[in-house]
Amino acid sequence: MAWQTPIVIHPPAADGGRRVTVRGQDAGVAHGDRDLVEFLRRAGLDEADIALDDPHLVEWRGGPHVWSEPPRR
């Protein structure tokens, strides 16, 4: 099996949220770093071990470590 980063942040959706998978399991949709850190904490990662810009830990798909603003109505 090919090596894969344990955390994948998927491309932004229309509402600005990004789906998060941890070790292949859906963790939810994050709308910012605070949501993302909470998902990772729930998945068993210690907050001190979370480095959101570490490419060995996190793969940002569809764009870099940025969060989109939802469209205004």
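Taking each residue of the stretch 34-59 that is at positive phi and looking for partners that are open to solvent by less than 40 Å² (accessible area, probe 1.4 Å) with beta-carbon atoms closer than 9 Å, six or more apart or interchain, yields G44/V22. Selection of the stretch 36-55 for residues being more than 11 Å from the chain's Cα centre (by Cα), open to solvent by 50 Å² or more (accessible area, probe 1.4 Å) and closer than 19 Å to Q25 by Cβ yields R41, R42, G44, D46, D49.
I need the strands (runs of 3 or more DSSP E) fully contained in the stretch 17-62, keeping only those with at least 2 residues that are small (G, A, S).
25-30
P11 falls short on exactly one of the conditions (1) surrounded by 15 or more Cβ atoms within 10 Å (Cβ to Cβ); (2) in contact with a Gly (Cβ under 6 Å, 6 or more places away or on another chain), and that condition is (1).
When the residues of the stretch 16-35 are narrowed to those that are open to solvent by 90 Å² or more (accessible area, probe 1.4 Å) and of a type in the set (K, R), which ends up nearest to T5 (Cα to Cα)? Before you say what the answer is, go through the steps one by one.
The first filter runs over the stretch 16-35 and keeps only residues open to solvent by 90 Å² or more (accessible area, probe 1.4 Å), leaving 19, 23, 25-26, 31, 34.
Subsequent filtering for residues that are of a type in the set (K, R) retains 19, 23, 34.
Details: R19: 15, R23: 8, R34: 20 Å.
Checking each candidate, the answer is R23.
The values are calculated or read from the model by the stated rules, or taken from the named source; none is laboratory data. Here the structure is a predicted model, which is why all the values come from computation and not from measurement. Don't worry about glycine lacking a Cβ; one is built from the backbone with ideal geometry, like all the others, and counts go over all protein chains shown. For the accessible areas, the whole protein counts, side chains as well, though only heavy atoms, and no ligand, DNA or RNA atoms are used. Shrake-Rupley method; radii C 1.70, N 1.55, O 1.52, S 1.80 Å.
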